[in-house]
Every structure is written in C-alpha cells, then in structure tokens.
Amino acid sequence: MYTFDYQHPTDRADAAAAFQGDSRYLAGGQSLVQAMKLRLASAERLVDLGGVADLKGITVDASSVTIGAMTTHATVARSAAVQQAIPALAELAGGIGDPQVRNRGTIGGSLAHSDPAACYPAGVLGLGATVHTDRRSIAADDFFLGLYETALQPGELIVSVQFPIPDAAAYIKYKQPASRFALIGVCVSRSAAGVRVGVTGAKSAAYREAAIEAALNASFTPEAAKAVQVSPDDLNGDMHGSTAYRAAMISVMASRAVAAALAR
C-alpha cells in the first residue's frame, strides 16, 4: 500500500472541503482498501465518510424507499420497513458477500465502485432507482457508464438512493462460490411504468436486458423470460463461464426472479 493522507470529516460540508487533489472517498472500504493493499489503486488522500451521520439511515413512505449512501448492506437486509416495502431489496442486500462485508460495505460505496459483478447495480437498474448526490439527481439508467465507471464527477458525493416501490420484484443471482459475487444476477420488477430487468455479472457494467423486458411486458411469467434467447455478443467470457453460458443464465435467472416475484 502506498502512503496517503487520511481525513475523517463529521459532516458533508467538511467531507467536500477535504476532497482536494488526488483524493478518494472511503465508504465501506471493502473494495477500495483491498485494491490499495495490492497497489492496484492509490490516492494521495482518503476522505473517510464513516463519521458523517446524515449519510446514514432509511426512510420509507407510501411510494418509495430512500437509503442513505453510508447505510450498510446488513442494515438494509435487517430493516423491517424495507422487508415490507421492497422485500427484493432486503434480500439482495442480505446476499452480498459474507457477514464482514455486509456489516462494513455500504450502498453508496458499492454504486460508486461499480464492480461489474456487484449486486446493487442490478437492483438499482431493475427497480428504477434514482441516485441523489450533493450536486444533482441521476437516474439509474444514466449512472453506470462502463467498467468501474459511473456518471459521478470528481468529488461528487452520493447522498442517498431512492427506490420506487414496485408492484412485484425479486433478485436472483448465481454466485461464484468463493467470492459470492454474481456470475449472473438479475433483478426483475413490475410496476405501472412497466417491467424492468437489471443484469449484473454479464458485461463490463450492469445493464438492462431489453429483450426480456419486452417479453415480460407481454406476459409476466417465468416461461416468457426463459424463452428469450439473449445474444452472447458483448458479454463477458472467462474461466467461470463462456459468453454463451452467461447468455443462457440471464434468461434462467430472470425466469427464477419472475417466479419469486409472483410467489410474494
């Protein structure tokens, strides 16, 4: 690990002021710290957001669930309010990593890092969430740009994530046994605005699978999702699964997600 300056602000204004030059915000640290230890990433200054209280917490109203950026995965998973409003979101959070990761990792950190196999990006896209920063609001469809790349500008801080409450939703992933990252993860939701299908693990960043969305808008059934033949073009292929394997698994996971959503 390279040397760096460490800042521990206690409010958002101090956090923004501390972000100068070659800086990185430190949320849960479950990805950034590991990369820095291996010297795969570096920064002259880390701004630790752990002491910023107004970045934590969960608010639920009649139409949406809003989660503070520094809220941990474990907190989301245990929240009775989230379990009642969007059970798929609580289950997604409860399936991330292991207990250590869930108790340290945060929703804001996960989205800002934009790992191509992380669970939250699929949930944000599949549920049609909005990412609120200290500067603006960004629709999920505009947030993920590429491999570890998002629409966030240097120094822009995620404040909260707002999820509209769907009529039905579920997240299903086929996980890599060692890392518990998604080889393929699919979040399906149905609301008055239509069906959304967010996919992670398949490309350089999470994305929406339009072909399955079209099929499910016509018939919201597991059979309709499973019948879609997803193109393997532009999908990831590696030692864990070929492009063709991942293409087939997207339809399978989507089918299982629809079944789980209907079972609620």
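The values are calculated or read from the model by the stated rules, or taken from the named source; none is laboratory data. Here the structure is a predicted model, which means the values were calculated and not measured. Using ideal geometry, Cβ is built from the backbone for each residue, glycine included, and neighbour counts are taken over all protein chains shown. For the accessible areas, the whole protein counts, side chains as well, though only heavy atoms, and no ligand, DNA or RNA atoms are used. Shrake-Rupley method; radii C 1.70, N 1.55, O 1.52, S 1.80 Å.
Quick rundown of the values:
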item	result
Residue 38 at pLDDT below 95, over 22 Å from the mean Cα position of the chain (by Cα) and not small (Gly, Ala, Ser)	yes
Residues that are within 23 Å of residue 110 (Cβ to Cβ), among the charged types (D, E, K, R) and surrounded by 12 or more Cβ atoms within 10 Å (Cβ to Cβ), drawn from the stretch 1-23	11, 12
Hits in the stretch 67-89 (condition: closer than 18 Å to residue 159 by Cα and open to solvent by 20 Å² or more (accessible area, probe 1.4 Å))	72, 75
Scope the stretch 90-117; condition open to solvent by less than 20 Å² (accessible area, probe 1.4 Å), part of a helix (DSSP H, G or I) and out of contact with any Gly (no Cβ under 6 Å at 6 or more places or on another chain); matching residues	90, 93, 107, 108, 111
Pairs where the first residue, in the stretch 1-30, is within 10 Å of residue 47 (Cβ to Cβ) and the second is basic (Lys, Arg), C-beta under 6 Å, 6+ apart	5/45; 23/45
Qualifying residue in the stretch 44-60 (condition: within 26 Å of residue 183 (Cβ to Cβ) and outside any strand (DSSP E or B))	no
Residues satisfying the stated conditions in the stretch 24-65, i.e. closer than 23 Å to residue 89 by Cα and open to solvent by 40 Å² or more (accessible area, probe 1.4 Å)	30, 31, 53, 54, 56, 58, 59, 60, 61, 62, 63
Answer residue from the stretch 118-162, given it is farther than 17 Å from residue 82 by Cβ and part of a helix (DSSP H, G or I) and is most open to solvent (accessible area, probe 1.4 Å) among those	142
Within the stretch 171-211, considering residues that are hydroxyl-bearing (Ser, Thr, Tyr) and over 13 Å from residue 255 (Cα atoms), the one surrounded by the most Cβ atoms within 10 Å (Cβ to Cβ)	200
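Residue-wise test of (1) basic (Lys, Arg); (2) closer than 19 Å to residue 170 by Cα; (3) within 15 Å of the chain's Cα centre (by Cα).
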| position | (1), (2), (3) |
| --- | --- |
| 12 | yes, no, no |
| 25 | no, no, no |
| 31 | no, no, yes |
| 45 | yes, no, no |
| 48 | no, no, no |
| 61 | no, no, no |
| 74 | no, yes, yes |
| 82 | no, yes, no |
| 87 | no, yes, no |
